[in-house]
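Asks: Can you keep this structure in mind? I'll have questions shortly.
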Amino acid sequence: MIIGTAGHIDHGKTALVKALTGIDADRLAEEKRRGITIDLGFAYTDVPGGSFGFVDVPGHERFVHTMLAGATGIDAALLVVALNDGVMPQTREHAAILDLLGIDRGVIALTKSDIAGDNTELVTAEVQALLATTGLREAAILPVSAIAGDGIAALTEALRTLGPKPRDISGHPRLAVDRAFTLSGAGLVVTGTLVAGGTANPMPIHAAMAAMQTRSNAAAVLSPATQGLRRHQRQARSPADTGRAWIGRLSRNARRSSASSRALP
């Protein structure tokens, strides 16, 4: 199951993913230096009866386009609200994006319960009011602490009971692309979540943007490599024949993210 985080900056999304998986999704030196998430991060863990793949998104207002890219292919949302802050501007913005994308399955984590546990009732009411008209209006709301570990087991169980989102397994495979970058020896690589169909490994996929094909190279990113790929799984694909215009479109968001990060204090 692919789970996407959402929520305001500094509300503890990345710390919560680390508490759930043991993996720090902030991999860039700039992210570690500034203490904020700039690009999409990924983490994976096994749970009884399945596995979780997390897409950790930035909470800063300048990276909303990156959050949108990360949320496109997820099965469920993990909306994070800090108890010491309550509902903030990007809490509202991310909740609206999730609703526009039709994401109606998820859990709300009220983080920092170890330092602001007394605010649980107040913040719960704020969150319920925010989500009252959205698909997440009935989502479980759980206080947690990524530092102390309080509530992590209950949160894991709440996510596990959601299960993967039912998707169409017939017809052609459809990959929701969220990143594009180059690797030495491989060239352009695109990554994303397989949201429909399945693929043999390797199997050509035609991109909707242009007449091109991709080849699969050990394509499961957030789970062990398999013989063939199924919906809900993350993939990395290397375009076999791509024109400059298509590369430009794919890399535009990456350039925007880079420029925005340099402009931050």
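Asks: Take the residues in the range 46-65 that are under 13 Å from residue 80 (Cα atoms) and not aliphatic (A, V, I, L, M), then tell me which one is farthest from the chain's Cα centre (by Cα).
Replies: Step by step, filter the range 46-65, then rank; the result is 59.
Asks: Of all residues in the range 73-107, which are surrounded by fewer than 18 Cβ atoms within 10 Å (Cβ to Cβ), out of contact with any helix residue (DSSP H, G or I) (no Cβ under 8 Å at 6 or more places or on another chain) and within 24 Å of residue 194 (Cβ to Cβ)?
Replies: Across the range 73-107, the qualifying residues are 99, 100, 102, 104.
Asks: Next up: For the range 1-54, what are the residues that are over 17 Å from residue 106 (Cα atoms), surrounded by 22 or more Cβ atoms within 10 Å (Cβ to Cβ) and in contact with a His (Cβ under 9 Å, 6 or more places away or on another chain)?
Replies: 37
Asks: Scan 53, 70, 135, 102 and give me the residue that is on the phi > 0 side of the Ramachandran plot and either among the acidic types (Asp, Glu) or touching a residue at least 24 places away in the same chain (Cβ under 8 Å) (or both). Give the steps one after another, and end with the answer.
Replies: Details: 53 fails: on the phi > 0 side of the Ramachandran plot; 70 fails: on the phi > 0 side of the Ramachandran plot; 135 fails: on the phi > 0 side of the Ramachandran plot.
That would be 102, the only listed residue that is on the phi > 0 side of the Ramachandran plot and either among the acidic types (Asp, Glu) or touching a residue at least 24 places away in the same chain (Cβ under 8 Å) (or both).
Laboratory data are not the source of any read-out in this text; all were calculated from the coordinates shown. All figures in this text were calculated on a predicted structure; none of them were measured in a lab. With ideal geometry, Cβ positions are generated from the backbone for all residues, glycine too; neighbour counts draw on all protein chains shown.
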